[in-house]
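*Asks:* Just passing along the structure, written as structure tokens.
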Amino acid sequence: MHDAGVVSNNPTNTLTQGLGAVIWATPSEQAKNECFVVAPQYTTVIADDNSKTTEQMDITVDLIKELEMQYSLDTNLIYNTGQSMGGMASIAMDIRYPDMFAASLLVACQWDATKVTPMAKDNLWIIVSEGDNKAKPGMDAITEALKAQGATVSKATWSAEASTSEFTKTVNSMLAEGCNINYTVFRNGSHRYTWQYAYTIEGVRDWLFKQVKK
């Protein structure tokens, strides 16, 4: 799910702004993790900085449920992801529909930490940048709130521009801790910087598809 910067009536905006929607549909990714990709284009802001959502968020969930039936999708392997507004919509979905998603990749987003208790057992990979003055403190608060509810959190600071081999090492190091929440902070960077790199990390994408609904 895209960010508020490309809210419009143009259905291709979410496909051209970055990798968040299209990376999953590339031939190489489909060869590894065959999947059905849903990338809605929103005409209004569906999740905002006041932790409020519109009916478009629920309509998106209804669309997924319809596609599950129409295409016999495996409901134990449904994932959500988004950047900024889209990441906030993912969080809102996880809270309101706690039994729907096997895992979430949350990029450059935040939410009211007092509302996230239903996510304590969820499989999450969170990515923000140090210089993001909303998402970084917001996710710090969320991970602390989830830890208080029994979640386990692995946190590390990475260079977003690391080599493929370096990413493999850092991803494996984080996964070795065996936590249900992985929290990656990109060194320096700011809000939009985060999603320029978050979806390029193969190990994070592969992690998502290994998660199965409990």
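*Asks:* Take the range 20-43 and flag every residue that is surrounded by fewer than 17 Cβ atoms within 10 Å (Cβ to Cβ), touching a residue at least 40 places away in the same chain (Cβ under 8 Å) and in a loop (DSSP other than H, G, I, E, B).
*Replies:* Across the range 20-43, the qualifying residue is only Asn33.
*Asks:* Ok, one more. If you check Ser154, Ser165, Ser173, which single one turns out to be part of a strand (DSSP E or B) and among the hydroxyl-bearing types (Ser, Thr, Tyr)?
*Replies:* Ser154
*Asks:* Just the residues that are under 19 Å from Tyr79 (Cβ atoms) and touching a residue at least 40 places away in the same chain (Cβ under 8 Å), please, taken from the range 169-200.
*Replies:* Once the filter is applied, which keeps residues that are under 19 Å from Tyr79 (Cβ atoms) and touching a residue at least 40 places away in the same chain (Cβ under 8 Å), the range 169-200 yields Asn180, Ile181, Asn182, Tyr183, Thr184, Thr194, Trp195, Ala198, Tyr199, Thr200.
*Asks:* Which of the following residues is without any contact (Cβ under 8 Å) to a residue 40 or more places away in the chain and touching a Gly at 6+ places or on another chain (Cβ under 9 Å): Leu106, Leu63, Leu15, Leu73?
*Replies:* Result: Leu106 is the single residue among Leu106, Leu63, Leu15, Leu73 that is without any contact (Cβ under 8 Å) to a residue 40 or more places away in the chain and touching a Gly at 6+ places or on another chain (Cβ under 9 Å).
*Asks:* Scan the range 132-146 and tell me whether some residue there is surrounded by 14 or more Cβ atoms within 10 Å (Cβ to Cβ) and basic (Lys, Arg).
*Replies:* Yes, there is a match, as at least one residue in the range 132-146 is surrounded by 14 or more Cβ atoms within 10 Å (Cβ to Cβ) and basic (Lys, Arg).
*Asks:* State which residue is nearest to the chain's Cα centre (by Cα) when the search covers only the range 117-146 and only residues that are part of a loop (DSSP other than H, G, I, E, B) and within 28 Å of Val212 (Cβ to Cβ).
*Replies:* Looking at the filtered set, the residue picked out is Asn123.
*Asks:* Among all residue pairs at least 6 apart or on different chains, which show Cβ distances below 9 Å where the first residue, located in the range 150-168, is without any contact (Cβ under 8 Å) to a residue 24 or more places away in the chain and the second is in a strand (DSSP E or B)?
*Replies:* Glu166/Trp158
*Asks:* Looking at (1) touching a Pro at 6+ places or on another chain (Cβ under 6 Å); (2) modelled with pLDDT under 95, which one does Gln41 not meet, given that it meets all the others?
*Replies:* Of everything listed in (1) touching a Pro at 6+ places or on another chain (Cβ under 6 Å); (2) modelled with pLDDT under 95, Gln41 misses just condition (2).
The values are calculated or read from the model by the stated rules, or taken from the named source; none is laboratory data. This is a predicted model, so every value here is computed, not measured. All Cβ positions, glycine included, derive from the backbone under ideal geometry; neighbour counts span all protein chains shown.
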